[in-house]
């Protein structure tokens with residue numbers, strides 16, 4: 001496993017039963033303890049490796065703001081692959097353009113988004129559904145991974161995000177493991193996060209602020225609540 005996850009493993013060992021990620025939906029709390037987080041990341045990483053994903057391969061992740069998105073993201077990093085985080089709500093032609101651009105070998109998509117996902121956007125890309133409650137479901141057991149055409153791969157790149165494109169076209173932003181680790185540690189120290197704190201996550205992790213917040217919280221051992229909706233009453237309940 002990638003050493004980037006070592007701070008999370010340490011928290012899992014120290015506070016195995018402490019809730020790390022949670023979401024309130026359909027009048028029920030869905031909670032994941034730190035020990036469960038580690039187990040689910042390891043199992044998902046094993047699934048990806050068995051599927052043929054190698055070090056530095058790119059995997060696209062499309063998801064709303066849910067705990068499962070963070071688990072799927074960390075499982076990609078666990079095997080030294082590169083997570084490509086894209087906003088699913090982009091216009092279809094822009095979404096297809098970005099999907100084609102990154103030359104990924106697999107696409108992970110949330111259960112909610114999978115229901116209306118246009119398969120024509122990724123005709124040759126294996127699609128894995130990330131089920132609520134966290135379970136990876138292979139939509140096509142007979143799939144075969146296409147070869148990547150990327151050359152001169154930078155092994156330090158952990159994540160690729162895209163700018164909003166307000167000043168023109170969306171631009172890819174490559175973040176290294178050092179970028180992510182420094183951001184998480186700086187956020188933890190700057191806000192003085194401790195294992196006794198709670199956090200509220202508003203945005204999906206394709207937003208850099210949300211991704212940094214989530215990592216800082218996990219490094220500190222906090223309990224992070226994912227907001228299903230941005231409505232005031234809904235947030236007060238959470």
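How big is the antiparallel share of DSSP beta bridges in the chain, given as a percent to the nearest 5? Restricted to the chain, the bridges split so that about 40 percent are antiparallel.
As a proxy for reagent exposure, 199, 70, 106 were ordered by neighbouring Cβ count within 10 angstrom, fewest first; the result is 199, 106, 70. FRET efficiency for the residue 103 to residue 202 pair, using the beta carbon distance and R₀ = 22 Å, is estimated at 0.10.
Seen against the Cα atoms of the chain and their longest principal axis, helix 34-50 is set at about 10 degrees. The listed peptides 3-15, 40-52, ordered by packing as a protection proxy, come out as 40-52, 3-15 (highest mean of other Cβ atoms within 10 Å first).
For the range 1-54, the spread of Cα positions along the three principal axes, ordered from largest to smallest, is 39, 28, 13 Å. Axis of helix 208-220 versus longest Cα principal axis of the chain: the two differ by about 50°, to the nearest ten degrees. The residues 20, 137, when put in order of fewest to most other Cβ atoms within 10 Å, stand as 137, 20.
For a label point 7 Å from the Cα of residue 131 along Cα→C-beta, name the residues of the range 39-83 whose backbone N is under 19 Å from it. It comes to 39-51, 62-64, 66-73, 75, nothing else. Taking the C-alpha atoms only, the angle from helix 177-191 to the longest principal axis of the chain is near 30 degrees. The range 164-215 and the range 71-99 have Cα centres separated by 15 Å.
In the chain, helices alone account for a calculated mean residue ellipticity at 222 nm of -11000 deg cm²/dmol, with every DSSP H run of four or more residues adding -39,500 (n - 2.57). Site pair residue 6 and residue 112 shows an inter-label distance of 3.6 nm when each label is modelled 7 Å from Cα along Cα→Cβ. When the square roots of the Cα gyration tensor eigenvalues are ordered a ≥ b ≥ c, the ratio a/c for the chain is under 1.5, which makes its shape rounded.
Mind ranking 59-69, 185-195 by how tightly packed they are, going by the mean number of other C-beta atoms within 10 angstrom, highest first?
The peptides rank, most packed first, as 59-69, 185-195.
Residues considered: 120, 170, 81. Largest GNM mean-square fluctuation over the chain, using C-alpha springs under 10 Å, is found at 120.
Every read-out reported here was derived from the displayed coordinates using simple, explicitly stated rules and does not represent laboratory data. Bear in mind the structure is a predicted one, so any value in this text is a computation, not a measurement. So basically every Cβ, Gly included, is an ideal-geometry build from the backbone, and we count neighbours across all protein chains shown.
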